[in-house]
Amino acid sequence: MRETLLVIKREFRERVASRSFMVGTLLFPLLLIGLLLLPRVVGRGGSNWNLALVSDAPPAVAETFERQLAASSEADQDDANRYRLTRIDGRIANERDRLAERVLAKEIDGYIAIPADVLETGTIAFRAGKGGSFEVIRDLRAAGTRAVQAERLKRSGIDAPAVAALVAPVKIDEARLTQKGEQRGGAMSTFLTAYAVAFLIYIMTTLYGVAVMRSVLEEKTNRIAEVLMSTIRASHLMAGKIIGVGSAAVLQVLIWVAIAAAVVKLSPRLGGGFSLPEPALQALNVAPATGLLLFLYFLLGFFLYASVFATVGAAVTSEQEAQSVQFLALIPMIAPMLFLQSILNAPLGALSTVLGLIPFTSPITMPMRMASTPIPALEIAASLTLLAVGIAAVAWIAGKVYRVGILSTGKRPTLGELARWVRSA
């Protein structure tokens, strides 16, 4: 036990004292906060458009089009485009060439032509010197559609506002019922919570799990392990490496959680463009009990895959072999992401339940399910128990492979040889 603690201490100090740990611990949350706040501060791409409008259609069509386009410019959205529309007197055939010259001379950004038969064809023309974005085309289509529909309804003797009231879409007032009452949120905040936890587990496992693999491989290739094995058992050495590196990862995550909690607490006071978007606040505002379970899944999931990477490091004989095998070790972790939509839509379904019980997929699946709906306590307990058993089993196998693998040189062992190593060690 004392030898294991020494290994844990060494691995922990080696990671925490590194410059990359310090930089990553502070830089990652700052970059994440910056990505969340930057669109709020500088906007998300809305631009100004100076357009000319020439129309052969009935006057009411052009007037309604101009009014609708002005309304879209006044929309309270960060990515709303702003339009300055100038009416051109004259017919399209007489003004088209002159307007094209003004566009090429960059006097205007473009022009819109509403033909006389727009009520029959439902088509208006848009010409610009720069390509119109999807949002610009959307705004022009919406304004044109409402203008044409209003005139068609008027000619049919139907009141346009009455029709709009009749076909108005139904809104969904969504909330989750909890022990504390109604909890506002929705599909977007659920997705953000699930995706954030899954992304964190994947990133930390990739970074620190690979560190475990390389540490084992380095000692094996440099023949350091042969000296260590004379003073400490292989299983204890492997456990020390996994726990030591994992402790550094846990410390980094705890610092990030503390920063996130501070941001959530201070965000309402910042106000204006510096406050976090509402979906982000809802995703970060997790109940303490749920937060503890999410952290527990992260912790156990990391140790499971760190054990897997340790096994890979003990089995391979070179860095090139390790790189070709490590992606295979991550496939079970990536698998739940392929079923993300199914898990979020049916968190209590058969697929979600099975993936939540398998140790290699539960660290990603269960946070997704808990973000969507309350999961039975018995199922959570069974999932955590199987995950803990999986860690013990994989770590035990890693120690067995490591004990024989330090004496193995040359080609990479086959699966049959690995099985013999486990039985004979």
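Some points to look at:
- Enumeration of residues in the stretch 27-53 that are surrounded by 14 or more Cβ atoms within 10 Å (Cβ to Cβ) and modelled with pLDDT of 75 or more: F28, P29, S47, W49, N50, L51, A52, L53
- Residue list for the stretch 365-380, restricted to those being exposed (fewer than 15 other Cβ atoms within 10 Å of the Cβ) and in a helix (DSSP H, G or I): A377, L378
- So L296, is it under 17 Å from A381 (Cβ atoms), in contact (Cβ under 8 Å) with a residue 60 or more places away in the chain and either surrounded by 18 or more Cβ atoms within 10 Å (Cβ to Cβ) or not assigned by TED's automatic domain parsing to the domain that holds V257 (or both): no
- Within the stretch 317-337, if we keep just the residues that are within 18 Å of G301 (Cα to Cα) and surrounded by fewer than 15 Cβ atoms within 10 Å (Cβ to Cβ), the residue that is farthest from the chain's Cα centre (by Cα) turns out to be L328.
- Test: residue in the stretch 272-290 that is part of a helix (DSSP H, G or I), over 16 Å from A196 (Cβ atoms), among the charged types (D, E, K, R) and at pLDDT below 80: no
- Residue within the stretch 306-316 that is assigned to a helix (DSSP H, G or I) and either within 22 Å of the chain's Cα centre (by Cα) or surrounded by fewer than 18 Cβ atoms within 10 Å (Cβ to Cβ) (or both) present: no
- Pair list, Cβ < 8 Å and 6+ apart or interchain, from the stretch 1-28 residues that are farther than 17 Å from G246 by Cβ to residues that are exposed (fewer than 15 other Cβ atoms within 10 Å of the Cβ): E3/T231; E3/R233
- Taking residues in the stretch 238-267 that are among the basic types (K, R), and partners anywhere that are part of a helix (DSSP H, G or I), the pairs with Cβ atoms closer than 8 Å and at least 6 places apart or on different chains are K241/V7; K241/E11; K241/V212; K241/S215; K241/V216; K241/A310.
- Highlighted here are the helices (runs of 4 or more DSSP H) found entirely within the stretch 86-169 that include at least 3 residues which are within 41 Å of the chain's Cα centre (by Cα): 134-155, 160-166.
- Scanning the stretch 338-364 for residues that are more than 16 Å from the chain's Cα centre (by Cα) and not in a helix (DSSP H, G or I) returns A346, P347, L348, G349, I358, P359, F360, T361.
- Restricting the stretch 344-362 to residues that are among the aliphatic types (A, V, I, L, M) and over 25 Å from F309 (Cβ atoms), the residue that is surrounded by the fewest Cβ atoms within 10 Å (Cβ to Cβ): A350
The values are calculated or read from the model by the stated rules, or taken from the named source; none is laboratory data. Owing to the predicted nature of the structure, the values given are computational and were not obtained by experimental measurement. When we count neighbours, we look across all protein chains shown, and the Cβ atoms used for this are built from the backbone with ideal geometry, even at glycine.
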